[in-house]
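**Q** Structure incoming, see below.
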Amino acid sequence: MNSDFVYKGTKASLLTKHCKERVIKPVFEKATGCEIIVESQFDTDLFGTFTREIPRQGTQIEAARMKAQKGMELLGTALGLASEGSFGAHPATPFLPWNREIVFLTDRINKIEIFGEYAGCETNFSSMEVKSLTEAEAFARKAGFPEHFLVINTKDEEKKWIKGIQTWEKLKEIVTWSLKKSKYGSITLETDMRANANPTRMLNILKATENLIQKINQKCPRCETIGFAVADFKSGLPCESCGLPTGEIMAEIYKCQKCSYTMEVLVGKDKADPGRCPFCNP
């Protein structure tokens, strides 16, 4: 059983108002044989905004699940797709930016959920407080403007956020106006992280979609249900120096959502660096 057989001739909803279908639809349809129907009229900002006026509902996966379910409800499909991104500091190196993208599939045909994922530093996510047009233009160039849009936090409660700035003329106009109006003498420029405003993020959504397709094509060795993917990790990789267990991962644990069959797959290395050992390097 493969994804072509499972989804050929079916329809999947995709809830997005930020043009994510540009990268999700072509590769997913080609790989699975299903038809994606896009729902773009629903305001997905209700699930949360990057500019923080509306907090995200639940975790990243929970928000993606709610979007997928809403799309299925609106379009009456048995399959629902949705994407959700998050941005912040690198988990191990805080001065580096970090982007995690989820492309989530709810499958009522097989009664399973599968999500593809990308996580990495390929992002222009950044912000800067500026006090002049010169500083604003320097930040814009570093952020990949105008291909990547910008947003401005004016710090003015009446009109705090100005989004979708995408030309040098508009940037100059809005920065000049905002600085003159600001009682603080500064404004904050941020990269616009909406998918339609950020080509780098759009590529990461594509990578997450490809990871989803890969998981769809992974079958359970026992019952052949699709989506046989990593559900947990086993730590305890022995230290190369003292041989005692460390917190490093030694195996990935795959699990079937249908029959609950599990399988451990060892990671590529069999010893941990002594620098990661709590006994050799306390």
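The values are calculated or read from the model by the stated rules, or taken from the named source; none is laboratory data. Just so we're clear, the structure is a prediction, and the values are computed from it rather than from any experiment. All Cβ positions, glycine included, derive from the backbone under ideal geometry; neighbour counts span all protein chains shown.
**Q** For residues that are over 26 Å from residue 120 (Cβ atoms) and either of a type in the set (Phe, Trp, Tyr) or surrounded by fewer than 19 Cβ atoms within 10 Å (Cβ to Cβ) (or both), tally how many sit in the stretch 59-107.
**A** 6
**Q** Are any residues in the stretch 49-100 modelled with pLDDT of 95 or more and among the acidic types (Asp, Glu), and if so, which ones?
**A** Passing the criteria: 62, 73, 84.
**Q** Okay, next question. Can you report the number of residues in the stretch 139-177 which are within 23 Å of residue 87 (Cβ to Cβ) and not aliphatic (A, V, I, L, M)?
**A** Number satisfying all stated conditions: 17.
**Q** Take the residues of the stretch 229-274 that are free of Cβ contacts under 8 Å to residues at least 12 places away in the same chain and either closer than 30 Å to residue 112 by Cα or in the same structural domain as residue 211 (by TED's automatic domain parsing) (or both): which is surrounded by the fewest Cβ atoms within 10 Å (Cβ to Cβ)?
**A** Of the residues in the stretch 229-274, the ones free of Cβ contacts under 8 Å to residues at least 12 places away in the same chain are 243, 245, 260, 268.
Next, only the ones that are either closer than 30 Å to residue 112 by Cα or in the same structural domain as residue 211 (by TED's automatic domain parsing) (or both) stay: 260, 268.
On the way: 260: 11, 268: 4.
The extreme case among them is 268.
**Q** Taking the stretch 236-282 as the region of interest, how many residues are assigned to a strand (DSSP E or B) and over 28 Å from residue 216 (Cβ atoms)?
**A** Residues of the stretch 236-282 assigned to a strand (DSSP E or B): 238-239, 245, 249-255, 262-266, 272.
Cutting the leftovers down to over 28 Å from residue 216 (Cβ atoms) gives us 238-239, 245, 272.
Selection size over the stretch 236-282: 4.
**Q** While we're looking at this one, here's another question. Name the residues in the stretch 26-72 that are part of a helix (DSSP H, G or I), farther than 22 Å from residue 191 by Cβ and out of contact with any Ser or Thr (no Cβ under 9 Å at 6 or more places or on another chain), would you? Quick ask: steps written out before the conclusion?
**A** First, the residues of the stretch 26-72 that are part of a helix (DSSP H, G or I): 26-32, 44-47, 60-72.
If we keep only those that are farther than 22 Å from residue 191 by Cβ as well, we get 26-32, 46, 61-62, 65-72.
Residues satisfying the conditions are 26, 29, 30, 46, 61, 62, 66.
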